[in-house]
Amino acid sequence: MSTFSAPRGTYDLLPPESADYLAVREAIAAPLKRAGYGYIETPGFENVELFARGVGESTDIVTKEMYTLTTKGGSRLALRPEGTAPVVRAVLEHNLHRGALPIKVWYSGSQYRYERPQAGRYRHFSQVGAEALGAEDPALDAELIILAADAYRSLGLKDFRLLLNSLGDRECRPAYRARLQEFLRGLDLDEDTRARIEINPLRVLDDKRESVQKQLTGAPMMRDHLCEACKEYHEQVRELLTAAGVAFVDDEKLVRGLDYYTRTTFEFVHDGLGSQSAVGGGGRYDGLSEMLGGPPLPSVGWALGVDRTVLALRAEGVELPEPSRTRVFAVPLGEQARRTLFGLVTELRRQGVATDFAYGGKGLKNAMKSANRSGAAYALVAGERDLAEGVVQVKDLDSGEQTPVPLDGVVEELRRKLARVVERCAE
């Protein structure tokens, strides 16, 4: 009999490891919620042209990595390779930009890119992202960077570094672009890279191949060509980060892989991940709205990789707190006990007590094995004789001590016992 497997470059999240992924998502989202970011969710697929125009036709994402499909009606769609362009599309489509600015939103979801699978790089991966749209303010850039750093710290991550750069704006970048193109045309580069020089030469600086990086020695850098406004803007971002205790490294070659970035550009890296060292990053994208047919809408944002953050935590040996586990396990002996204990299980859950049940009509021995494997502190055991006497046996699974408790007092007694367990653990 044949079975199916997950597609190459993808993965299944299974308990108990999946708890770490949930914890990372929640930790990244928590500071965003406190800072006034509301949740946004966009479709998993969009019009191909959205990414071609927004992300950039010369990027690897568009030219090599997008999963595209043609619908029965002839529309060309792409599985979402990144989250910013869809967020801007949604903001424009629903006229959010006509209300109070900035619009501050966060999202969590899967992205899809056709890449060569390796540790830390998958064809299906998860990100939490945040965007602040409609304001050109260095405090917004700093805010988002600080929120990301705080999220990493709250998880216990220590060995990450923040790389920071400015890519200038439409005033100063054209002159620099021309200087860079002139330099790059004199290098020994392959045909695809030469084509990139004419479309977006800054991306050549981002080329990770050693053969290319060796030739970039002496290349003109954007920092030496920033206009006064961009210099002042970048310096304010740096000052705000320093005042907040967020350390950073100035990286003049930091470009990132998307065409829409302007001014502030940043990346979080972790040396415990090997070649795929980036765990997240982002920057300012003041012209993206106009690229998509909208009005000027200066914006800034980031996306943090959930998968890579989990790998970084494991590289540092950080163990995340265990999720709430089963505290009570019910073991019925007989059909009447089954109905009675199921009712108690429902009530305990409604009272906030994590409770499980011996399903499938197991005998006492096997049911108690399940209770012990669950990690519960107490078992509820009842048979026909117990019910006739109006009691349920409450068994301490650590000491083995068993006490009869009246049916109408079981829920309150268990809550009291569990509260004492919590107090002992806190001492």
Quiz item: For the range 273-427, what is one quarter of the convex hull surface built on the Cα atoms, given in nm²?
Solution: 16.5 nm²
Quiz item: What's the angle, to the nearest 10 degrees (0 to 90), between helix 138-154's Cα axis and the longest principal axis of the chain?
Solution: 40 degrees
Practice problem: Sort Y21, Y114 by accessible area with a 1.4 Å probe, largest first. | Solution: Y114, Y21
Quiz prompt | For the chain, accessible area per residue (1.4 Å probe, heavy atoms of protein chains only), Å² | solution = 50 Å²
Exercise. Can you send over the solvent-accessible area of R209, 1.4 Å probe, protein chains only, in Å² to the nearest 10?
Key: 100 Å²
Quiz item: Leaving out ligands, DNA and RNA, what percent of the accessible area of the chain is carbon and sulfur, probe 1.4 Å?
Solution: 50 percent
Self-check item: Whole-angstrom gap from the range 65-82 to the range 210-225, using each part's C-alpha centre
Solution: 36 Å
Quiz item: Helix 84-93: angle to the longest alpha-carbon principal axis of the chain, degrees 0 to 90, nearest 10?
Solution: 90 degrees
Quiz item: How many percent of the alpha carbon pairs in the range 227-351 exceed a separation of 26 Å?
Solution: 52 percent
Exercise. With a/c under 1.5 counting as rounded, go ahead and sort the range 64-184 into rounded, prolate or oblate using the C-alpha gyration tensor (a ≥ b ≥ c being the square roots of the eigenvalues; past the cut-off, prolate if a/b is larger than b/c, else oblate).
Key: rounded
Practice problem: With +1 on each Lys and Arg Cβ and -1 on each Asp and Glu Cβ, and nothing else charged, work out how big the dipole of the range 210-271 is about its Cα centre, in Debye to the nearest 20. | Solution: 100 debye
Exercise. Work through the residues other than V410 whose Cβ is under 14 Å from its Cβ and net out their charges, Lys, Arg +1 and Asp, Glu -1.
Key: +1
Quiz item: Among A175, V410, V55, whose Cα sits farthest toward the positive end of the charge dipole of the chain (+1 at Cβ of Lys/Arg, -1 at Cβ of Asp/Glu, about the Cα centre)?
Solution: V410
Quiz item: In what order, largest first, do S370, S154 sit by accessible area if the probe radius is 1.4 Å?
Solution: S154, S370
Practice problem: Mind grabbing the accessible area of R415 for me, 1.4 Å probe, Å², rounded to tens? | Solution: 100 Å²
Self-check item: Centre separation in Å (Cα based) which lies between the range 128-196 and the range 351-410
Solution: 58 Å
Quiz prompt | Prolate/oblate/rounded label for the range 203-297 (Cα gyration tensor, a/c 1.5) | solution = rounded
Practice problem: Over 20 Å between C-alpha atoms is what I'm after, so list which of K64/K104; K231/K253; K104/K253; K208/K253; K64/K214 land there. | Solution: K64/K104; K104/K253; K64/K214
Self-check item: Where trypsin sites (Lys or Arg not before Pro) fall in DSSP loop in the range 95-202, at most 15 other Cβ within 10 Å
Solution: K158, R170, R185
Quiz item: What is the sum of charges around A23, taking Lys and Arg as +1, Asp and Glu as -1, for the other residues whose C-beta is under 13 Å from the C-beta of A23?
Solution: -3
Quiz prompt | Percent of Cα-Cα distances greater than 32 Å, calculated over the chain | solution = 50 percent
Quiz item: What Kirkwood radius, in Å to one decimal, follows from the Cα pairs of the range 154-266?
Solution: 15.3 Å
Self-check item: Under Karplus coefficients 6.51, -1.76 and 1.60, residue-wise ³J(HN,Hα) of the range 382-396 in Hz, glycine/proline x
Solution: 8, x, 5, 5, 4, 5, 5, 8, x, 10, 10, 7, 9, 10, 6
Practice problem: Only Lys, Arg, Asp and Glu count, each charged at its Cβ (+1, +1, -1, -1), so figure out the dipole size of the chain about its Cα centre, rounded to 20 debye. | Solution: 1080 debye
Quiz item: So how strong a dipole does the range 257-334 carry about its Cα centre when Lys and Arg Cβ are +1 and Asp and Glu Cβ are -1, to the nearest 20 debye?
Solution: 300 debye
Quiz item: Helix-derived [θ] at 222 nm for the chain: sum -39500 (n - 2.57) over DSSP H runs of at least 4, divide by residue count, nearest 500?
Solution: -11000 deg cm²/dmol
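The values are calculated or read from the model by the stated rules, or taken from the named source; none is laboratory data. Quick caveat, the model's predicted, so the values are computed rather than measured. FYI the Cβ positions are ideal-geometry reconstructions off the backbone, even for glycines, and counts take in every protein chain you see. Please note that ligands, DNA and RNA were not included when accessible areas were found on the heavy atoms of the full protein model with its side chains. Shrake-Rupley method; radii C 1.70, N 1.55, O 1.52, S 1.80 Å.
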